[in-house]
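> Sharing a structure here in C-alpha cells format.
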Ligand code: SF4
C-alpha cells in the first residue's frame, strides 16, 4: 500500500474535503504545474505545445502521488504531458484517432451499439483527469454536453431493442456528473426489464477518490443496486495508485452493493515488468477490486509511440507475471479491443501468437469464439501488424 506526499506536500485530509471545490484546484496549466514539478524553460515551452493538442487536467490528489525528483515516475507519465505525444508516426507503425471503430457504431444521442447484447452511452466528455494514454483522446476534454441532454433518447433506443442485455454508461467519466444528473440517467434505465445489469465506467476511485466520499452519490448507487445489479469498471494501471484513499473509495462502492472490476492497460514505462504487473493485481485484490482486463495499448494518435509494448514482448511479460499470481489475481484476460471485436491474447506457440475472438461486430457473429493465429514480429503491437499465417477456425468446426 502506497501513500506518499511528495509533489504538493499539501497534507490534506481527502476524506473531508468538498469534491466540487477541490475540482476547481486541478492543475490545468504548465505554469501551475511548474510550481510543483521542476521544469526548465525549454520543458515548459515543449509541454505547452503538447497541452495545446490534448488538454492537461490533474487533480492535486493524483499529483501528490508523484515523486517530483524522478523523471521516470509512472504517475508522472500517466498524468503530465510528454513531448512523445507529438510523435504521430514512428517505429511502432501507423496511428489512428478511433482504433476501436466507435464512430461506425454511433446510433446518435451518445449511443454506441457495437455488440447486439451491449449498448454503450457516452454520457459526458469530462474527466477529473485527462490521462495521457486515453484511447478516447480525440473526445475527452471537449466542451459538449449534448450527450447529457440526449440521455433520455438513448434510453428510448435501448428500450426498443430487447436484444440489449446490458448498458455501459461511459465517457469521459460519468461519476463526475452531478449526482442529480446521474439519478435521472439511472432512473431512465431502471425499469427496462431486458437489462440484466448496468455498468458505470469510472476512473474516480483511482484519480479522484473524493467523489466517492460524497454520501449523496453513495446513497444513489446503493438504492439503484438494490433494484438492478451495478458494476463499476475502473482503471488502475500501477500499484502506486493503490492508496488509503483509493481503498476507501472502493470500499464505499462495495458497501453500496457495487461490484468493482479493473480494466488496466499494458503501458511502456508504467507497468511493463513482471514485478509491477504482479504487484498491481495483488494490490487490487487487497482493496476488493477484481482484476478483469489487461488491454493491449491501442494504436492511438499521440499515445502509441509513447506507451505501446510490442506483442512479442507483452505476451511473454503477461505469461511470466501470471506464473507468480494466484488464481484470483490471474483471472484477468489480456485483450485487444479491435475494430472487428474483442480478442483475447491466449499466448504464444513459438513465434506464433494465439488469439481468441470473444465478441464480434454486428453482422459477423460467426467470427465470435474463433481462434486466430498470427506471426509475431519484433515491433508489431496490433493485430493488423502481424501477418496471418493460416486459416482461422471456429471452435465448432
Ligand atoms: S478517465 Fe478514462 S476517459 Fe477520462 S481521460 Fe482517463 S482514460 Fe480517458
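The values are calculated or read from the model by the stated rules, or taken from the named source; none is laboratory data. Bear in mind that the values here come from a model prediction, so they are computed numbers and not experimental data. Here the Cβ positions follow ideal geometry from the backbone for every residue, glycine too, while neighbour counts run over all protein chains shown.
> Give me a count of the residues in the range 196-248 that are within 16 Å of the ligand (Cβ to nearest atom) and in a loop (DSSP other than H, G, I, E, B).
Total meeting the criteria: 8.
> Name the pairs: first residue in the range 230-242 and over 23 Å from residue 165 (Cα atoms), second residue modelled with pLDDT under 95, Cβ to Cβ under 6 Å, at least 6 apart or on different chains?
240/2
> Scanning for something outside the structural domain of residue 245 (by TED's automatic domain parsing), in contact with a strand residue (DSSP E or B) (Cβ under 8 Å, 6 or more places away or on another chain) and modelled with pLDDT under 95, does the range 34-45 turn up at least one residue?
Among the residues of the range 34-45, at least one is outside the structural domain of residue 245 (by TED's automatic domain parsing), in contact with a strand residue (DSSP E or B) (Cβ under 8 Å, 6 or more places away or on another chain) and modelled with pLDDT under 95, which makes the answer yes.
> All but one of (1) away from the ligand (no atom under 13 Å from the Cβ); (2) at pLDDT below 90 hold for residue 187; state the number of the condition that does not hold.
Evaluating residue 187 over (1) away from the ligand (no atom under 13 Å from the Cβ); (2) at pLDDT below 90 leaves (2) as the failure.
> Among the residues of the range 169-181, what is the count of those that are within 16 Å of the ligand (Cβ to nearest atom) and either in a helix (DSSP H, G or I) or surrounded by fewer than 19 Cβ atoms within 10 Å (Cβ to Cβ) (or both)? Let's see the steps before the verdict.
So the first thing to find is which residues in the range 169-181 are within 16 Å of the ligand (Cβ to nearest atom), and the list is 169-177.
Restricting the remaining residues to those that are either in a helix (DSSP H, G or I) or surrounded by fewer than 19 Cβ atoms within 10 Å (Cβ to Cβ) (or both) gives 174-176.
Of the residues in the range 169-181, 3 are within 16 Å of the ligand (Cβ to nearest atom) and either in a helix (DSSP H, G or I) or surrounded by fewer than 19 Cβ atoms within 10 Å (Cβ to Cβ) (or both).
> Still on this model: Within the range 17-36, how many residues are closer than 26 Å to residue 211 by Cβ and without any contact (Cβ under 8 Å) to a residue 24 or more places away in the chain?
6
> Tell me which of these residue 103 doesn't satisfy, since it passes every other one: (1) modelled with pLDDT of 85 or more; (2) not in a loop (DSSP other than H, G, I, E, B).
(1)
> May I ask you to list the residues in the range 37-59 that are outside any helix (DSSP H, G or I) and either surrounded by 12 or more Cβ atoms within 10 Å (Cβ to Cβ) or in contact (Cβ under 8 Å) with a residue 60 or more places away in the chain (or both)?
37, 39, 54, 55, 56, 57, 58, 59
> Check every one of the strands (runs of 3 or more DSSP E) wholly within the range 286-397 and list those with 3 or more residues that are surrounded by 16 or more Cβ atoms within 10 Å (Cβ to Cβ) and over 22 Å from the mean Cα position of the chain (by Cα). Before you say what the answer is, go through the steps one by one.
On the way: elements: 290-296, 333-338, 341-349, 352-360, 371-375.
Counting at least 3 such residues, we get 371-375.
> Which residues, counting only those in the range 249-285, are out of contact with any strand residue (DSSP E or B) (no Cβ under 6 Å at 6 or more places or on another chain) and in a loop (DSSP other than H, G, I, E, B)?
Correct list: 256, 257, 267, 268, 269, 270, 271, 272, 273.
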